[in-house]
Every structure is written in structure tokens, then in C-alpha cells.
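Participant: Can you read through this structure? Questions will come right after.
No lab work stands behind these numbers, since they all come straight from the coordinates. Since we're looking at a predicted model, the values are computed, not measured. All Cβ positions, even for glycine, are placed from backbone atoms using ideal geometry, and neighbour counts span all protein chains on display.
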């Protein structure tokens, strides 16, 4: 009996500590490559304000800190203000005979073959179909049927972190002995969920990825993982049910009132997850050979490298090639890095993802002998230079945002304050746009700035005047005079309430 218990304990310890990681990787993208000209031709009136939006250069906002999260994000976003498409060049979108299921099938089949397995060898399949064609339950069962699997298949979703959450689950299930070989399949069909007349559509791409999780050689595989919730970002995106032009129900996505929180928390989340995960793995950031970050914007990889203080050559930025492909991003980044020889067997790799209103996740692994599926079609206009931010674009401008403070407003005569704030707002917008604007109190902000500029302006106001203006106040029909009035009310209100009378986070939410 004692021998049996010792043997059982040994077997349990071996399984819990057995090396588990990625055995193969595959990606699958639609046949259609959509360029920026698509919007220029389809919506010519969309660019009637081009003389305002086609900015020559951008001067970074003054008085920034190299260590502050939103300042890092603002600095890295700044070069893209000179590009009306914000760094978008190509994105893959579904063709007439393609669907999320066809992309998932190709990726899954490729991953199985690259692992030198047959469908019968797969013990479990975990599937994420973000914004797939059907509304309701996921299509894991449909995919299992097409692949002729005999194993369980279930759906899992954690927005852009779905692949890493699935990987962590697969590792745990294999180490308990319940399963041995797990197939993970992830897709996003972003192009069908946004209104093409919305600038959000510029950044949404389609794609699928798959990988097999299996036991690896000793000392390879997953060393540690860190997953945290991102409840702070709830409300950053809104997903609404609409009826399309063909009378069919469809999920429609647009930015929400809390969109700016994605920029404000980006650095905090990457630092939290990455510093904790390397500590748990018993290594340091300096020892990591390659970093794979999700890249939902053209500058996000640069935000992550600067936040962690690492060399940008140790990562990859596929945004110009695919735009935002959500949960497929970490798979695509790893695939292209391995294909390009940036990751080799036994390298230490850190993968990080951030899913809005879901989870942020980081995993450290020692890379194994990973089989790769068929290479996707090459880009038609993206070059290696497109994947680098041209720092020459960031030059000093003749127009700068002058220093301004809440104390100056309060020190002025009451009848002068409104005019001061209107001039201040106009100067801020002029600096962002790099053009000279005449004061027009009735000028709508929505015609002057887009969401990226609004976030920068919102944070400039917060830094100068120590008041918070909700992002949605910069859009709609609100003009300069109305925004200045709202700003003045905020300044006066905050000044009337003693700091000790109300918590700082509640004081920032006060709106008249």
C-alpha cells in the first residue's frame, strides 16, 4: 500500500511538473487585402476636412514624464498624428466565399499537420470565434465536425487575451493528466462588426490562428503565467445588436465613453503582467530573447517596449500588415517571428496580450521545436520600413501649447475666464493640427479632431488644469464655447470642494 502511494505521488508530481508548451503554430488569413484607398474611393466626403486632419508634424506635449503611463502612450502615438489613417496600411478581410469557419478550419488543419499528428490524436479542442457570423453560442462543434475530431470541443472567450487564457487552461489540463494533446483555435472577423463610415473600421482586420499544446522536452515549455482582469476598461467598446441591410441580426461594435481608459491603463497592465511573470519564472526581462506583444494600434508595440525599457529589436510589429486582428495577434506575432528566425529553439519568449473588458495576460516559455504551418500570402504594399516609427517625424514645431494652469483661471476676473479657456482650447487644437485657427466659438470639436487627438487633448487638460473631462464631451454637437463653459464649471466646482472632503477618484468624476 505504501509503495502504491509513493508511486502515485511520484506520478502526480511528474505530471504537474512535466514540460508543456506549443508544439506547432499556424495562421490563416482571408484572400482580400484591403488598402486605405478603399475608404478614399467609397467615402470621398469623409475626407472633406482633410485640410484639418492632414497634419504636417506633431510637437510632443510639454512637461511629460518618461515614466508616466499616459505620457508614454502619448509620445508613441504622436508620430502617427501626421497620418490620417493612423498607421493602417493593409488589413485582410473576408471574401465572398469565406467565413470564420473556413479560416479556422485551414489554421487548425495546418497546426495539426505541422505537429505531425492526425485529427484522431487530438484529445481536446478549445475555440474562440470573436465576432463570428452566428450570434449566440460559439462554433466549436461545427469546427470539430469539419475536422472529424472525436474529442471534446468547447468555446472560450476573453477578447484579445483568448489565446493565452486558452494556453494556460491547456497546460493545466495536460499536467493533471486529463488530456495530452490540445488544439487551440482562435479567430476574429473584425471587418463585419464595424460601420465602414466609422474610422474604427480602418483598424479592423480578419484572421485565424491555431496551435497544438503538448508535452515538450525537459526544460522547455511554459515556465510561468500571469492573468489579471481588466475591469477598468469596461465601456471602452460597445457591442450592439443591429439588423443589417439584408434583414439579418449582426453585432455592431463602436468605441464607448470609456475609450480613453485603454490608453491610460496600457502601460500599467503591461508592467504589472510582465514584471510579475518573469519573477515567477525566475528570470529577468534582460534574459528574455523575444517579446510578442499584441498590437491593436500601430504604436502599441513601442508603448510596451518603452514601458519595460527593452530594445525594440527584441519584438515584432505586424500592425501595418494585418491591422487589429484581436486574439489572433499573439499567434501571428509568434508565427512570423519564428518564420523569420527571430525565435529559435530554447529561446526564452514572453508573450503579452491585453483584452478590453476581459483580461490582460503574460506567459513566459522556453521555445521548443515548433512546427510551422503554411505561410500566408505576402503583403502587397507593406515594407519593413513601415513597421518602424520614423522618429524624424517628431520635430519641434513653431506652434506649441503654452503652459496654463487652474490657478491662472481662478486668479482672473470672472468675466475673463470663459474667454481665457476658449483661447486655451483653440491653442491646444491648433498645436495638435499644426495649423493656425481663428477663434470661432461655434466651431464643433467633432469636425476638428478624431478620437486619438481627443485622448491627447483630454490628458493635456487634465495635466494643466487638474480636472477630468469625459471623452464623449469632445464629440457630438459640442462647440468650443460649450466645452470652455463645461471646463470652467469643473474648475470652479473642484476649487469649492476642499480636497479632504471627497476622495480624489470621486472628485475627478464630478460633472455639472
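Participant: Could you line up 464, 347, 206 from fewest to most neighbouring Cβ atoms inside 10 Å? Walk me through the intermediate numbers first.
Facilitator: Numbers: 464 21, 347 16, 206 30.
With the fewest neighbours first, 464, 347, 206 line up as 347, 464, 206.
Participant: Cβ neighbours within 10 Å, averaged per peptide: list 324-331, 168-175 in order, most packed at the top. Present the calculation step by step, with values, prior to reporting the outcome.
Facilitator: On the way: 324-331: 28.5, 168-175: 19.6.
Going by the mean number of other Cβ atoms within 10 Å, highest first, we get 324-331, 168-175.
Participant: Would you kindly state how much longer the chain becomes between residue 32 and residue 134 on full extension, computed as 0.36 nm times their sequence separation minus their alpha carbon distance, in nm to one decimal?
Facilitator: So the extension gain works out to 34.6 nm.
Participant: Going by the alpha-carbon gyration tensor, a ≥ b ≥ c the square roots of its eigenvalues, is the range 19-393 rounded (a/c under 1.5) or, if a/c is not under 1.5, prolate (a/b greater than b/c) versus oblate?
Facilitator: In terms of gyration-tensor shape, oblate.
Participant: Same structure again: Got a sec? How would 230, 199, 284 order by Cβ neighbour count within 10 Å, fewest to most?
Facilitator: 284, 199, 230
Participant: Could I ask something else about it? Determine the percent antiparallel among the DSSP beta bridges restricted to the range 19-393, to the nearest 5.
Facilitator: Just about 70 percent of them are antiparallel.
Participant: To the nearest 0.05, what FRET efficiency results for residue 45 and residue 450 with a Förster distance of 22 Å applied to their C-beta separation?
Facilitator: Values: r = 16 Å, r/R0 = 0.72.
According to the calculation, E is roughly 0.90.
Participant: State, as an integer percentage, the relative contact order of the range 139-284 based on alpha-carbon contacts under 8 Å between residues 6 or more apart.
Facilitator: Relative contact order here is 18 percent.
Participant: In nm, to one decimal, how far is the modelled label at residue 241 from the one at residue 287, with both set 7 Å along Cα→Cβ?
Facilitator: Calculated label separation equals 5.1 nm.
Participant: In addition: Using 0.36 nm times the number of residues separating residue 339 and residue 232, minus their current alpha carbon distance, what extension gain do you get? Don't jump to the answer; show the numbers that get you there.
Facilitator: On the way: separation 107, 0.36 × 107 = 38.52 nm, distance 3.59 nm.
Residue separation times 0.36 nm, minus the Cα-Cα distance, leaves 34.9 nm.
Participant: Applying a 10 Å radius around every beta-carbon, put 268-276, 288-296 in order of their mean neighbour count, most first. Please report the intermediate quantities before stating the final value.
Facilitator: Working: 268-276: 19.6, 288-296: 24.2.
Ranking, from highest mean packing down: 288-296, 268-276.
Participant: Between residue 380 and residue 420, what is the FRET efficiency for a Förster distance of 41 Å, r being their Cβ-Cβ separation, to the nearest 0.05?
Facilitator: With a Förster radius of 41 Å, E is 0.20.
Participant: Please work out how much length the chain gains when fully extended from residue 176 to residue 410, using 0.36 nm per residue of separation minus the C-alpha to C-alpha distance, in nm with one decimal.
Facilitator: Separation in residues times 0.36 nm, less the Cα-Cα distance, equals 77.8 nm.
Participant: Starting from the 7 Å offset along Cα-to-Cβ, what nm value, one decimal, do you get for the label separation of residue 441 and residue 150?
Facilitator: About 8.0 nm, to one decimal.
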